[in-house]
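All remarks here apply to the structure that follows.
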Amino acid sequence: MAATAAVAPRPAADLATGPVRYARDVVPADLWDKQVGLLKRDSPYDSVMASRLLGQGYAYLLTAMNHRGEGLGLALSKLVDVCVHTIILDTVAYAELCEKFNDGQFLHHAPKADMKNDGSVIKTAHSVAADGWEVDLPLWTDAADCGPCHPGNDSH
């Protein structure tokens, strides 16, 4: 029986506005493989789901860095949030990411405890797409409630 490679879904047509960038193209292969392994180790994900999530986590963080100080009110879905935590807890690699893509400034994680239900998650997915990144929309629609990050700060 021949093995078939799973392919991650392409961006939703209504989100695609031009050439799409893929996070996997900016993350070193060894780091990508390591963090897929961390997601598989710590969560109930197979390698396909872990790769999908990792792509969205990096796309989100790179969008947040690119729009630092703009007060966009970015918010994560519960699924993507798990992945973002995996990325930022790999502190050496995360510091290097901030150095390379955030003018050497650390992008802090400053979540608020109160949940909100105001469409921020889908708005964030659209912001990520507008920044040119692939958006795997099913990973952004898992919850209407989200834990917003501290508004107005250069944090996510």
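The values are calculated or read from the model by the stated rules, or taken from the named source; none is laboratory data. Here the structure is a predicted model, which means the values were calculated and not measured. Don't worry about glycine lacking a Cβ; one is built from the backbone with ideal geometry, like all the others, and counts go over all protein chains shown. Ligands, DNA and RNA are excluded from the accessible area calculation, which covers all protein heavy atoms including side chains. Shrake-Rupley method; radii C 1.70, N 1.55, O 1.52, S 1.80 Å.
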Lys40 being of a type in the set (Lys, Arg), touching a Ser or Thr at 6+ places or on another chain (Cβ under 9 Å) and closer than 22 Å to Tyr22 by Cβ: yes
Given the condition at pLDDT 90 or above and open to solvent by 40 Å² or more (accessible area, probe 1.4 Å), answer yes or no: does some residue in the stretch 52-64 qualify? yes
Might you check whether a residue that is over 23 Å from Gln105 (Cβ atoms), assigned to a loop (DSSP other than H, G, I, E, B) and touching a helix residue (DSSP H, G or I) at 6+ places or on another chain (Cβ under 9 Å) occurs anywhere in the stretch 47-58? no
Residue selected from the stretch 114-128 under the condition part of a helix (DSSP H, G or I) and hydrophobic (A, V, I, L, M, F, W, C), by the criterion surrounded by the most Cβ atoms within 10 Å (Cβ to Cβ): Ala125
Hey, among Asp81, Asp33, which residue is at pLDDT below 95, assigned to a helix (DSSP H, G or I) and open to solvent by 10 Å² or more (accessible area, probe 1.4 Å)? Asp81
Before we move on, is Asp131 open to solvent by 10 Å² or more (accessible area, probe 1.4 Å), touching a strand residue (DSSP E or B) at 6+ places or on another chain (Cβ under 9 Å), of a type in the set (D, E, K, R) and at pLDDT below 95? no
May I ask you to verify whether Gly73 is more than 11 Å from the chain's Cα centre (by Cα) and in contact (Cβ under 8 Å) with a residue 60 or more places away in the chain? yes
Inside the stretch 36-47, can you point out the residues that are open to solvent by 70 Å² or more (accessible area, probe 1.4 Å) and touching a residue at least 12 places away in the same chain (Cβ under 8 Å)? Asp42
Residues in the stretch 84-113 that are open to solvent by less than 30 Å² (accessible area, probe 1.4 Å) and assigned to a helix (DSSP H, G or I): how many? 8
